[in-house]
Structure formats: structure tokens, C-alpha cells
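Heads up: the structure comes next, in C-alpha cells.
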Amino acid sequence: PYETIEAETFDRQNGVQTEILEDGGVDVGYIQNGDYIAFKNMNFGAGAQGFSVKAGSETEGGTISLRLDSPTGKLIGTCKIAGTGGWTTWQIFDCDVSGASGTHTLYLVFEGDDGFLMNVDHFTFSTTIKIGDVDGNGVVGTADLTAVRRHLLTEKSLNVEQAVAADLDGDQKITAADMSLLKRILLK
């Protein structure tokens, strides 16, 4: 979820339709109150803190409720979408997120008045902790790999913030799998 996710790549939906845009892209439109789109296997790792969505609305817009594992599941954030003057007059809307960690099916549940509410192009989540940046210097490098190796060899333990950054697979444990994922990042 920390990379841009195209809205039309949903795994399930209720009530929405996709539409081809003038530039050849695709968005999700014809969104009404109670409709939703869902995305399986979203690995939030240690936790998301923000949500950004590119949306447009020719009406007053509505809200997007971010829920885990079902359309009525745990609410992790609510993003207000205002009218933009057109269905494809795009703006970025942001909201805070809390309580999202580990792997879940994410539901974007649309709420608002009668009629069409908005079109959605894409979205992403954010965190202030950069995954893989164990030493907290803003760059994922060999020093981060060394810190994880030393932790695994019980030479030097990681503090809580370092452990969150080192938990690349989001399973709440620091293991050789995290070290392997960190090596992949460094090799790219």
C-alpha cells in the first residue's frame, strides 16, 4: 500500500464501474453511497499513518471510509472528498490513518448523499518510518543491513523504532526473511 495503487485494480467491488479516460487511463466511477472497492493482501507492515487519494467530483463529493477485512470492518481512517468541478478534474485528498498494521483486505467504502459522489483514479498510504532505514538516516544502505545482522546474531539489539523499520515483511518479528528483503532492496 506504500506504492501508488490504481483504483481499477480492485479485487472485489460493489456498485462501481470502471471507465476509460481521455488520456487512455482508467478510473473508478459511477460511485454512489454504500458502494465499495476492495484490495486483498495489503501489507501495512508496522503501520500506516496517512492516506492520499486522487479523486474528482462534479457534485459535493462525499467520504471514503477506509476499513479492514470487510465493508463494515475496523475503521482506520475517513477521507473527505470535496467537489472539484468535474468528474476528472483531479485533486489529491489526504487523511490520517491509525490502527492499520499487518496484512489485510482493504475496503474503500464510499459514503455521501444521493446520486453519484466521485471518481477515483489512484491512492497510496504513507508512514513516517521508512521501511529498511534501520539507522534512521533517511537512506537504506549497508549500515542498515549490518544493524539487522548484528541484531540476529544477538550482538546488539534494536530499539523499538529500529525494529519497526527492520520488519520488512510486517510479521512483527525480525528474522532472516527481513534481512533477505533488505538485501533485495540494496541490490536494486
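Applying the criterion of being surrounded by 13 or more Cβ atoms within 10 Å (Cβ to Cβ) and without any contact (Cβ under 8 Å) to a residue 60 or more places away in the chain to the residues of segment 118-139, the residue that is nearest to LEU21 (Cα to Cα) is LYS130. Looking at ALA147, is it closer than 22 Å to ASN41 by Cα and of a type in the set (Gly, Ala, Ser)? It is false that ALA147 is closer than 22 Å to ASN41 by Cα and of a type in the set (Gly, Ala, Ser).
Among strands (runs of 3 or more DSSP E) entirely within segment 44-109, having at least 2 residues that are open to solvent by less than 40 Å² (accessible area, probe 1.4 Å), touching a residue at least 60 places away in the same chain (Cβ under 8 Å) and within 27 Å of VAL160 (Cα to Cα) singles out 50-57.
Counting only residues that are open to solvent by 50 Å² or more (accessible area, probe 1.4 Å) and at pLDDT below 95, segment 24-40 holds 1 of them. Cβ-Cβ distances below 6 Å connect the following pairs, each with a first residue in segment 164-188 that is farther than 17 Å from PHE44 by Cα, a second residue that is assigned to a helix (DSSP H, G or I), and a separation of six or more residues or different chains: MET179/VAL148. Looking at segment 1-23, is at least one residue surrounded by 13 or more Cβ atoms within 10 Å (Cβ to Cβ), assigned to a helix (DSSP H, G or I), touching a Ser or Thr at 6+ places or on another chain (Cβ under 9 Å) and in contact (Cβ under 8 Å) with a residue 40 or more places away in the chain? For segment 1-23, residues surrounded by 13 or more Cβ atoms within 10 Å (Cβ to Cβ), assigned to a helix (DSSP H, G or I), touching a Ser or Thr at 6+ places or on another chain (Cβ under 9 Å) and in contact (Cβ under 8 Å) with a residue 40 or more places away in the chain: present. With the condition kept exactly as written, say whether any residue in segment 153-161 is surrounded by 15 or more Cβ atoms within 10 Å (Cβ to Cβ) and within 20 Å of the chain's Cα centre (by Cα). No - not one qualifying residue is present in segment 153-161. None of LEU145, LEU182, LEU158, LEU108 is modelled with pLDDT under 90 and among the aliphatic types (A, V, I, L, M) except LEU158. For segment 162-188, a tally of residues being among the acidic types (Asp, Glu) and open to solvent by 40 Å² or more (accessible area, probe 1.4 Å) returns 2.
The values are calculated or read from the model by the stated rules, or taken from the named source; none is laboratory data. Nothing here was measured: the structure is a model prediction, and the numbers come from that model. Glycine also receives a Cβ, built like all others from the backbone with ideal geometry; neighbour counts cover every protein chain displayed. Only protein heavy atoms, including side chains, enter the accessible area calculation; ligands, DNA and RNA are left aside. Shrake-Rupley method; radii C 1.70, N 1.55, O 1.52, S 1.80 Å.
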